[in-house]
Amino acid sequence: MSASTSRAPRVRFFTAAGAAVLGAAVLLAGAGGQGSQAIAAQKVSASLVQGAAPAGTQSQTIAAPTAIQIYKAARKKAKAAKTVRLQATIEGQKDTIRLDLRMTRTGKAVGTISDPVDGSMKVILVSKKKGYIKPGEKVIDRIADGDASVKATLTGRWIAFRKGDGLDTLFSLSTMKSYTQDIFVLTGPQSELYKVKGKKVKGYKKTVGIKEKDSTGTILIAADGTSRLAGFQDPGDRLVYSSWNKKVKVKAPANPLNLKDFS
C-alpha cells in the first residue's frame, strides 16, 4: 500500500456554503432544513512558507529557513491571531462558491456567502449560537415562489436564527479555527514538507509556498519575515487571508424577522 493511500485523508474544513444558502431558502419556505452535501473533501497540504534567504558574502552565508521551520512559525502565528479576513473561491461539483468573511477567535463573524445558482446572503454571527442572515434577491425569489407578499416581507430584512434552527452550517463555515489552525494539520510526517516557489496573492508583495508530499495544495506564506499565512491554492480552490488582528465590527441588526416564523 502506498504512502498516499495508507494515510487517513485530511478532510477540508469547508462545509457546503452553497447548500447553506439554498438550505436557508428551503427552511424559510417551510420545507425544513435539508442535509447539505460537503464541498471538496480533499487533502489540504499543510505548512508554511518562508522568505528568500538573505544574500550572503563570499565569506559568510545565512541558511534559509527549512520548510518545517516555516511551517511551525506560521502555525504559531496563525494560532495566536485574534481576527482575520478570509476571501475564498471554492469550486463545487456544479458551481463556484465565494466567501468573504471577517472572523474572530471567539466565534463572531460578518460577511457574505454566494454562488451563481442559489444567490447570495449576508451573514452576521454575534456568537457561536446566534446569528442573522439577509438573503439576496435570488434566495428571496426561491422562498417567495411567486408570492409577492412574501417577497415584500423579506426584501431588505435581516432574519434571526439560533443554533439548532437548521442553519448550523453557517456556524461551522464561519469558524476562524477551521481556516487558521486546521489548515496546518498534516496527513503525514513533517519531514515530508518541502518549499516551492511562491504564487501571487492579493495584498502581499511576495510569498513562499509550502507543500506536502502527495498533496495537490500549496500553503502560501508572506515572504516578509512576518510568518503570516497569506493564502492557500489547489486546482479548484483559492483562499486569501488578510487584515490579521484588525478589529471586526459585529453588531446585531435592528428589528430582525425570526427564522422560526417561516419554518
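Some points to look at:
- The test for being loosely packed, with under 15 Cβ neighbours inside 10 Å, under 19 Å from the mean Cα position of the chain (by Cα), modelled with pLDDT under 95 and not aliphatic (A, V, I, L, M) does not hold for K260.
- Residues of segment 115-154 classified as buried (at least 18 other Cβ atoms within 10 Å of the Cβ), in contact with a Ser or Thr (Cβ under 8 Å, 6 or more places away or on another chain), modelled with pLDDT under 90 and within 29 Å of S243 (Cα to Cα), total: 1
- Restricting T169, T216, T155 to residues that are polar (S, T, N, Q) and farther than 24 Å from L101 by Cα narrows the list to T216.
- Boolean, S172 is surrounded by fewer than 20 Cβ atoms within 10 Å (Cβ to Cβ), at pLDDT 90 or above and not in a loop (DSSP other than H, G, I, E, B): no
- Pick from segment 155-166, criterion in contact with a Gly (Cβ under 9 Å, 6 or more places away or on another chain) and not charged (D, E, K, R), ranking: modelled with the lowest pLDDT: G166
- Failed condition for K197, given (1) closer than 17 Å to Q87 by Cα; (2) surrounded by fewer than 18 Cβ atoms within 10 Å (Cβ to Cβ); (3) modelled with pLDDT of 90 or more: (1)
- Among residues of segment 235-263 that are under 14 Å from K82 (Cβ atoms), those with a Cβ under 7 angstrom from a residue that is surrounded by fewer than 17 Cβ atoms within 10 Å (Cβ to Cβ), sequence gap 6+ or separate chain, pair up as N245/K82.
The values are calculated or read from the model by the stated rules, or taken from the named source; none is laboratory data. For clarity, every value in this text was computed on a predicted model and none was experimentally measured. Note: ideal-geometry Cβ built from the backbone for every residue, glycine included; neighbour counts use all protein chains shown.
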